Each structure stands twice: as structure tokens, then as C-alpha cells.
Amino acid sequence: MSDLTHAAWSDALENGELLGQTCGGCDATLGTPKAACPHCGSRDLETVELPTSGTVYTETTINVPPIGVDQRGYQVAVVQLGDARVMGRLVDQDVEIGSRVRLAGYDEDDDGYITPHFEAE
Ligand SMILES: [Zn+2]
């Protein structure tokens, strides 16, 4: 059973680290803390450190930014980091699918939830 909480995941991100979980049931790697594997339902999850650079798996532009984000054409991506996929905001506008990106920091919303953001590598 994994001890990775959302608070621990957020603390790591504030320190420039990305944590994930590997599943003992099916070998999937998860990019955000889960109580059970979304692929096979196993609770045998182990906390692992993820690489902080990777490749844009998919991206999309949201033209109405969330509150607190002062950027038009807010671009979010799913980034492939090793075996995990992590969603975050892209700070560079010219990033496309397949681009190399790295962890550049994080955004914090009004509720204190933090999410990673990535820049072109
Ligand atoms: Zn699994």
C-alpha cells in the first residue's frame, strides 16, 4: 500500500521533484498519487521519483484561463516522463507534440492545489 499522499506529492513538486507510483499488479507507472491503480485496481503501489524532463505526449490550448493564471491561450500538456504521464501547463507557446520539455516550476490555485508547469528544453 502506497504512502504517497497528495500533500507529499505537492511538497516534492515545490522542491522541484516529481513523484509517482509504480503498480505491483500491472507494472504501470502513475504520475499523480492514487489510492488504487486505475489500470488494474491494485493497491500495491510504490512511490518512485519521476524524471523531470520528457516529451509532450499531447497538448491543447484553453482560451479561457483558470482564475489565477494570467495568460491568454493557456496551453496544457500531458508530458511523458519516463513511464508516467503527467498533466501540466506549458509556459512556452511554441511547444508541440513530441517536443522535449522539462519541469520549470508549479502553479498554485486559490485552493492551494499545485500543478506542475513545463518549459521547452
Ligand atoms: Zn496496476
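The values are calculated or read from the model by the stated rules, or taken from the named source; none is laboratory data. Treat the numbers as computed from the prediction; the structure is a model and nothing was measured. FYI the Cβ positions are ideal-geometry reconstructions off the backbone, even for glycines, and counts take in every protein chain you see.
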Q: Answer yes or no as to whether Arg100 is outside the structural domain of Ala12 (by TED's automatic domain parsing), closer than 25 Å to Ala7 by Cβ and in contact (Cβ under 8 Å) with a residue 24 or more places away in the chain.
A: no
Q: Could you tell me whether region 40-49 includes any residue that is within 16 Å of the ligand (Cβ to nearest atom) and among the polar types (S, T, N, Q)?
A: yes
Q: Would you point out which residue out of Val101, Val95 is over 11 Å from the mean Cα position of the chain (by Cα) and either part of a strand (DSSP E or B) or closer than 18 Å to Ala12 by Cβ (or both)?
A: Val101
Q) Across region 1-23, which residue is farthest from the ligand (Cβ to nearest atom) among those that are more than 17 Å from Tyr106 (Cα to Cα) and surrounded by 15 or more Cβ atoms within 10 Å (Cβ to Cβ)? A) Leu4
Q | Tally of residues being of a type outside the set (Gly, Ala, Ser) and either assigned by TED's automatic domain parsing to the domain that holds Val79 or over 14 Å from the mean Cα position of the chain (by Cα) (or both) across region 1-14 | A | 4
Q. Conditions: (1) on the phi > 0 side of the Ramachandran plot; (2) touching a Phe, Trp or Tyr at 6+ places or on another chain (Cβ under 8 Å). Gly68 meets all but one. Number of the miss?
A. (2)
